[in-house]
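Undergrad: This structure is in structure tokens; I'll ask about it shortly.
Derivation of every value follows stated rules applied to the coordinates shown; laboratory data play no part. Predicted model, so just to flag it, every value in this text is computed and none were measured. Please note: Cβ atoms are built from the backbone with ideal geometry, for glycine as well, and neighbour counts cover all protein chains shown.
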Amino acid sequence: MSKAGKDSLLGNKIAAGVLTAGLVLWGANRIAHIVISDEAPHKAAIQIAALPSAAPAAAAPAGPESVLPLLASADIAKGEAFMQQQCSSCHTFTNGGANGVGPNLYGVLGAPMFAHAGFSYSAAVKAKAKGSWDFDKMNQWLFAPNDFAPGTGMSYAGITNTQARANVIAYLRTLSTRPLPLPTADEIKAASAAATPAAAPAAPAPAAAPVASLGTLLAKADPAKGQALFQEQCAACHTITKGGANGAGPNLYGVVAANAFSTPGYTFSAAVKSKAGQPWTAATLDAWLKNPMGYAPGTYMAYPGIKNDQTRADMIAYLNQNSPTPAKLP
Ligand code: HEC
Ligand code: HEC
């Protein structure tokens, strides 16, 4: 914490990252246990929010589909089960329940946004706190928390499945002495009308910008840019010098081409075990750094990922420099 405090260049994102890192260390076992152990039954319902790749600038970011038409018939029991599995490591749901990694969620729908008593919210969400939570705002938040409030302390990729979001919101609605009224037929109509024009342009195939291959991106990668980003976004959790200490994350010296998730003296989460032991390649590192929680759901690496393809290549080039025997990258 003090580290982030001293460095005025670190943005909210990093402050949140550091905060999360501390919290993750503190509650790691619980989180891993709950999130991972119950994964199987809901596999289909849980989709990690797709990260837009370096898409043509013209493409509007995909927003969530409205849940309004689904709320009245949503499956509250499924919403509850989903939240037990995916949210309860960080949130309690009962009236008067304690704040944990995240705030208690009883009565959150209809309540002022990001204002639960006794919880200190990140600056990222404070900037987005306008009015009270309604169904639409909750839909957007749960679809992609880090798009809704970039740098939020809620390290959760989001719920991309619209029915699953509707089920969760329907359950959240019941956590109240005075549940918000369900949307009226007119409100539902307005929501679907608003969605129609947006859906239309999807028909013509979006002008496909040629996607540069990883090899091409690595060939023109700039390790100095990777280094700058490392200092800003990774150094809070990782050292990269030879013999550097493990911190919230493992020391990364020589990580490229080393066996994944095998750094001696560091205890990795169960989430990465199935990916451990194989040597890291440029391609697997690229996938990991793009979306750690998509690559290994439940990983302790509370970092949303580097979305820009070239920036990831810059980072891989920088990681590769910090090695006794840099790998030959494609
Ligand atoms: C890894 C921990 C974590 C997980 C998992 C998590 N949350 Fe959160 N949640 C947080 C944190 C931390 C905040 C506060 C955000 C901030 O300060 O940036 C938050 C905030 C919220 C808020 C806003 C509360 C308010 O007071 O306005 C809602 C709603 C919410 N989470 C719902 C959920 C739901 C639903 C799930 C599961 C689908 C979930 N969260 C999973 C940590 C988590
Ligand atoms: C909030 C802390 C945090 C931040 C920020 C973070 N990491 Fe990590 N990182 C971790 C943790 C924790 C792990 C171990 C994952 C596990 O056990 O689930 C990890 C694992 C890794 C690994 C795999 C290491 C191995 O031994 O195979 C790489 C590579 C990595 N991180 C790179 C990065 C890069 C590059 C950045 C910045 C763009 C970054 N991390 C940002 C915490 C963090």
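Undergrad: Can you pick out the pairs among LYS137/LYS189; LYS225/LYS307; LYS220/LYS328; LYS130/LYS307 whose Cα atoms lie more than 19 Å from each other?
TA: Exceeds cut-off: LYS130/LYS307.
Undergrad: Would you order TYR266, TYR295 from fewest to most other beta-carbon atoms within 10 Å of each residue's own beta-carbon?
TA: TYR266, TYR295
Undergrad: Need one word for the range 237-276: rounded, prolate or oblate. Basis is the Cα gyration tensor (sqrt eigenvalues a ≥ b ≥ c); a/c below 1.5 gives rounded, then a/b vs b/c decides.
TA: oblate
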